[in-house]
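To start, the structure itself, in structure tokens.
The values are calculated or read from the model by the stated rules, or taken from the named source; none is laboratory data. These numbers were taken from a predicted model, which means no experiment stands behind them. In this analysis, Cβ positions are derived from the backbone assuming ideal geometry, glycine residues included, and neighbour counts consider all displayed protein chains.
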Amino acid sequence: MRRLRAWCVRLWSLLGKGRRDREFAEELASHLEMHCEDGMRAGMTAAEARRQALIKLGGVLPVEELYRDRRGVPWLETLGRDFGYAIRMMRRAPAFTATVVVTLGLGIGATTAIFSVVNAVLIRPLPYPEPHRLVHLAVSYGDRGSAIFAPTVDYAAWKNRSQTLSRIAGHLGFETNLTGGTEAERVKAGAATASLFPMLGVQPALGRTFLPEEDRPGGPPVAILSHAFWKSHFGESAAIVGKSLTLDGTPHTVVGVFPATFQIPDRYQADYDLWVPFAIGDNGRAKRPILQTIGRLKPGVSVEGARAELATLVRPPRSGKKITVVTEWQEQIASGARRSLLIFLCAVGFVLLVACVNVANLLLFRAAAREKEMAVRRALGAGRARILRQLLTESVLLALLGGVVGLGLASAGKNLLVTFIARNLPAMEPVHLDLRVLAFNVGLVLVTGIAFGLAPALQASRGELNDPLKDAGRGATDRRSRHRLRSLLVVFEVAVVMVLLSGAGLLFHSFLRLRGVDPGFQPDRILTLNVALTPSKYPTPREKTAFFQQVVEKVSTLPGVQAASASTSLPLAGYSMSISGLTVEGKPEAERQVLVSIVSPNYFRTVGIPTVRGRSFSDSDRGGSPVVAMVNESFARAFFPGEECVGKRIEQWKPKTGWVTIVGVVRAIRPAPEEQPSPELYFSYLQPEGAFLMGSNMYLAVRAAGNPKSLAAAVRADRGRILRMVLSNGMKLIGAGVAIGLLASAGLTRLIASELWGISATDPWTFAAVVMLLSATGLAACLLPARGAASVDPTRALREE
Amino acid sequence: MSETTNVRQGTLALMVLKTIETLGPLHGYGIARRIEQTSGELLSVNYGTLYPALLKLEQEGYIASAWGLSDNNRKARFYRLTRAGAKQLEREERGWEQATAIMSRFLSAAKGTL
């Protein structure tokens with residue numbers, strides 16, 4: 001307590017130093033006078049008495065110095081003086097300062113911006129109570145695909161019987177038709193169990209969340225609105241609670257509105273307009289068969305422990321196997337983004353490193369100009385540590401300004417960044433510059449300030465006292481070592497840039513390869529449209545088929561349209577349906593899960609997927625005629641390796657179709673360039689066996705018709721030699737940097753190997769291109785000063801020397 | 001001079017406090033002289049270190065200072081004890097008494113009784 005008080009007083013006394021100094025001088029003067037008087041009273045002469053008094057005191061100046069050190073905070077005052085001096089130095093060289101600050105600002109800003117995203121996605125815990133006990137639960141069939149959903153039957157089993165979970169909740173996104181307003185509207189909706197919102201700790205801004213009795217099959221239809229939807233559709237009217245909304249033809253009572261901040265953390269950026277209860281029965285029956293499930297572990301239960309228990313509770317599958325996957329929720333949400341974010345962070349780290357090296361080089365350059373100043377300081381008694389400290393203060397101050405610029409850039413740039421990489425980012429709490437990011441930024445400033453300042457400062461604080469003061473000393477060994485240091489920095493910088501460019505080059509090259517991939521269909525001139533019907537208006541498959549048939553016919557006759565089709569899936573659309581329990585004639589063991597699409601007969605022609613064997617669907621494959629199917633090449637390979645599959649028969653278990661004959665094989669389409677196509681089965685929507693599988697959504701696809709200085713500069717002969725010399729010096733450095741960079745890149749690019757497609761991490765062409773680019777840049781960078789050097793007037797150079 | 005001892009670090013503060021307590025508000029020179037006299041001129045106070053010590057005590061709030069006039073009408077800075085200073089003095093006095101009592105018992109113990 002007393003100490004704290006003392007420090008406060010000391011800090012306070014940094015103000016009004018002049019007054020305090022005067023006061024103490026007065027106090028000492030009165031002390032000396034009293035002492036003198038005593039001495040004279042004892043018989044001394046005035047001079048002798050004063051001498052004795054001064055001896056006893058120990059001299060006025062040392063005492064004043066001692067007193068001042070005790071009164072204020074000496075190191076802080078030194079720091080303040082150093083800062084003042086640094087600011088004066090910066091003012092004197094505004095161009096230099098601006099260059100350094102902008103360079104550092106870019107480096108620090110980029111790093112801080114990426115870090116703010118890393119922080120939001122990977123580091124900051126989920127903003128819920130005990131976030132590390134929240135786990136994501138999923139069930140996968142076989143090893144294909146990532147586990148995202150769990151069947152509702154398993155959800156019900158876990159909910160009723162699990163001993164390792166204290167709570168369980170789930171949600172699933174879907175689309176629904178909102179009617180009753182001026183015009184029907186397709187809205188994004190989430191179905192959630194009533195337990196979800198208490199688990200996330202979200203309080204509605206208005207009304208309430210779901211009650212347990214609303215969250216069961218046959219419960220009253222209710223809905224909660226998102227804040228954005230409430231604002232755009234109801235003008236934030238509080239009277240909305242209790243009103244009714246018609247969703248897919250059913251009136252739903254609005255019971256609440258969420259606050260604007262609420263967003264469900266999700267890998268896929270679920271951004272729902274409204275929510276309805278999921279309504280899972282105790283037996284697991286529900287309108288929707290699967291959901292994203294989140295559980296809260298009981299205290300002391302490990303993720304592995306929960307997995308072991310939950311796996312025993314899932315309903316055994318009819319065939320194959322079910323794998324229960326339990327992951328920490330945050331990890332599950334971030335899983336897609338972790339790797340790319342860390343790679344990003346490393347890359348901007350490298351950029352920052354390059355910026356530091358650049359600034360260090362600039363400082364070294366300036367150090368040459370300040371040689372005399374340093375020598376004067378040393379001559380006046382400044383120790384090496386003192387000079388080092390002053391120079392580091394200067395560089396940290398520069399870094400500090402760079403940090404401020406960087407923080408500004410980061411806060412402006414992070415939004416851009418988030419929009420830019422949003423598709424790969426899970427929706428979590430918003431990215432913002434919180435305390436952790438700020439601390440990171442400050443840490444970065446200190447580290448960079450010392451990183452780029454240390455070498456030049458060490459260099460400057462060294463050296464002989466007299467050398468730089470005498471003009472004869474110019475060009476001495478000191479300079480040579482500074483030159484060596486700068487050369488090293490250039491080599492290092494080129495090496496780092498080489499690594500960066502190699503990484504970027506590899507990614508770019510694989511992007512080019514991706515663009516060159518044959519997608520398996522002809523994507524040009526195709527327009528697509530997702531059409532969803534209100535289920536209550538078109539309850540039966542026959543009515544849906546009739547609707548889409550009519551639309552396709554009408555669209556086909558529009559001028560400029562070459563072909564039109566309807567289908568439940570599209571290549572690369574990312575949505576597909578799958579069925580399990582498929583029996584292949586003569587192969588009872590081959591019961592497997594396959595993708596299934598329901599299409600209009602001219603689908604393959606419209607989208608441009610070639611039929612490789614057999615025939616395509618025709619208008620005569622309709623109700624009453626023999627049931628036919630088409631398959632893709634993967635299906636043929638998987639079920640009929642080495643056999644002809646056209647003419648073979650398959651049977652579907654649900655709905656029972658009876659035997660279906662395969663009439664044709666089409667090209668297999670990769671779902672994504674880096675993925676292998678899956679076995680897929682096609683039915684025509686004209687046959688009731690196929691139409692039965694249709695939902696209310698179909699994609700309409702329409703194919704439209706038509707549309708869619710050389711460096712050789714004339715260098716004067718007499719300048720040629722100088723030019724060659726400067727160039728060869730520069731190019732040697734660049735060559736060394738390229739060599740080191742090549743080795744480093746060969747090692748480091750392995751890290752991004754999994755992000756590459758179609759080329760190896762040590763792709764020689766990419767590397768060659770990078771080396772060429774870097775060398776050309778280096779050549780240009782050497783050429784400018786070299787030409788400058790070559791055109792200097794010799795007499796002027798001598799005079800300056 | 002050889003028989004005088006320099007004041008040990010830390011004990012100077014206690015002596016200052018005690019002196020002010022006994023004599024009331026006093027200036028720096030007076031405090032130094034008084035300490036030397038009380039010790040029977042056996043202690044030599046380094047006057048130069050007295051002022052930082054006074055400053056420290058003032059920063060800690062044990063003493064307070066104000067300008068005033070000395071006996072022979074000279075302007076001087078007078079230091080007085082604060083309430084916190086009085087309490088601190090009491091605490092330190094007790095500590096010292098205890099320590100010296102222990103030490104003297106220890107040193108005067110007859111051979112063999114330890």
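Every test in (1) in a loop (DSSP other than H, G, I, E, B); (2) more than 9 Å from every other protein chain (Cβ to nearest Cβ) is passed by residue B:89 save one, and that test is (1).
Tallying residues that are away from chain B (no Cβ under 11 Å), surrounded by fewer than 12 Cβ atoms within 10 Å (Cβ to Cβ) and in a helix (DSSP H, G or I) within the range A:5-24 yields 3. Within the range B:98-110, the set of residues being surrounded by 10 or more Cβ atoms within 10 Å (Cβ to Cβ) and outside any helix (DSSP H, G or I) comprises just one member, B:109. Within the range A:687-718, if we keep just the residues that are surrounded by fewer than 18 Cβ atoms within 10 Å (Cβ to Cβ), outside any helix (DSSP H, G or I) and of a type in the set (A, V, I, L, M), the residue that is modelled with the highest pLDDT turns out to be A:704. The criterion of being within 38 Å of the chain's Cα centre (by Cα) and at pLDDT 90 or above does not hold for residue A:220. In this structure, residue A:531 does not qualify as more than 26 Å from residue A:151 (Cβ to Cβ), at pLDDT 85 or above and part of a strand (DSSP E or B). When residue A:655 is tested against (1) at pLDDT below 80; (2) closer than 17 Å to residue A:531 by Cβ; (3) touching a helix residue (DSSP H, G or I) at 6+ places or on another chain (Cβ under 9 Å), exactly one condition is not met: (2). Being within 10 Å of another protein chain (Cβ to nearest Cβ) and surrounded by 14 or more Cβ atoms within 10 Å (Cβ to Cβ) is a property that holds for residue A:66. Check whether at least one residue in the range B:75-85 is of a type in the set (A, V, I, L, M, F, W, C), surrounded by 17 or more Cβ atoms within 10 Å (Cβ to Cβ), within 11 Å of chain A (Cβ to nearest Cβ) and in a loop (DSSP other than H, G, I, E, B), and report yes or no. Taking every residue of the range B:75-85 in turn, none turns out to be of a type in the set (A, V, I, L, M, F, W, C), surrounded by 17 or more Cβ atoms within 10 Å (Cβ to Cβ), within 11 Å of chain A (Cβ to nearest Cβ) and in a loop (DSSP other than H, G, I, E, B). Taking the range A:73-85 as the range and being surrounded by 14 or more Cβ atoms within 10 Å (Cβ to Cβ) and within 14 Å of chain B (Cβ to nearest Cβ) as the test, only A:73 passes.
Yes/no matrix, rows are residues, columns are (1) under 30 Å from residue A:366 (Cβ atoms); (2) out of contact with any Gly (no Cβ under 6 Å at 6 or more places or on another chain); (3) among the acidic types (Asp, Glu):
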| residue | (1), (2), (3) |
| --- | --- |
| A:52 | no, no, no |
| A:83 | yes, yes, no |
| A:93 | yes, yes, no |
| A:108 | yes, no, no |
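Tell me, yes or no, whether the range A:31-43 has at least one residue that is under 56 Å from the mean Cα position of the chain (by Cα), of a type outside the set (A, V, I, L, M) and within 13 Å of another protein chain (Cβ to nearest Cβ). Within the range A:31-43, not a single residue is under 56 Å from the mean Cα position of the chain (by Cα), of a type outside the set (A, V, I, L, M) and within 13 Å of another protein chain (Cβ to nearest Cβ). Checked against the criterion of being in a loop (DSSP other than H, G, I, E, B) and over 19 Å from residue A:542 (Cβ atoms), the candidates A:624, A:647 yield just one match: A:647. Do we have any residue at all in the range B:17-26 that's within 13 Å of chain A (Cβ to nearest Cβ) and within 25 Å of residue A:63 (Cα to Cα)? For the range B:17-26, residues within 13 Å of chain A (Cβ to nearest Cβ) and within 25 Å of residue A:63 (Cα to Cα): present.
For every residue, the table says whether it meets (1) within 30 Å of residue A:432 (Cα to Cα); (2) of a type in the set (A, V, I, L, M, F, W, C); (3) more than 13 Å from every other protein chain (Cβ to nearest Cβ).
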position	(1), (2), (3)
A:3	no, no, no
A:47	no, yes, yes
A:51	no, no, yes
A:59	no, no, no
A:71	no, no, no
A:87	no, yes, yes
A:98	yes, yes, yes
A:105	yes, no, yes
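What about residue B:65, is it at pLDDT below 90 and surrounded by fewer than 20 Cβ atoms within 10 Å (Cβ to Cβ)? So residue B:65 fails the test.
If you go through the range B:46-69 and pick out every residue that is farther than 12 Å from residue A:70 by Cβ and either more than 7 Å from chain A (Cβ to nearest Cβ) or hydroxyl-bearing (Ser, Thr, Tyr) (or both), you end up with 9. Within the range A:134-193, if we keep just the residues that are of a type in the set (Asp, Glu) and not in a strand (DSSP E or B), the residue that is surrounded by the most Cβ atoms within 10 Å (Cβ to Cβ) turns out to be A:154. Of all the listed residues (B:61, B:95, B:68), the sole one being more than 12 Å from residue B:13 (Cα to Cα) and part of a loop (DSSP other than H, G, I, E, B) is B:61.
The rows are residues; the columns are (1) of a type outside the set (D, E, K, R); (2) under 24 Å from residue A:561 (Cα atoms).
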| position | (1), (2) |
| --- | --- |
| A:607 | yes, yes |
| A:624 | yes, no |
| A:644 | no, no |
| A:668 | yes, no |
| A:677 | yes, no |
| A:685 | yes, yes |
| A:699 | yes, yes |
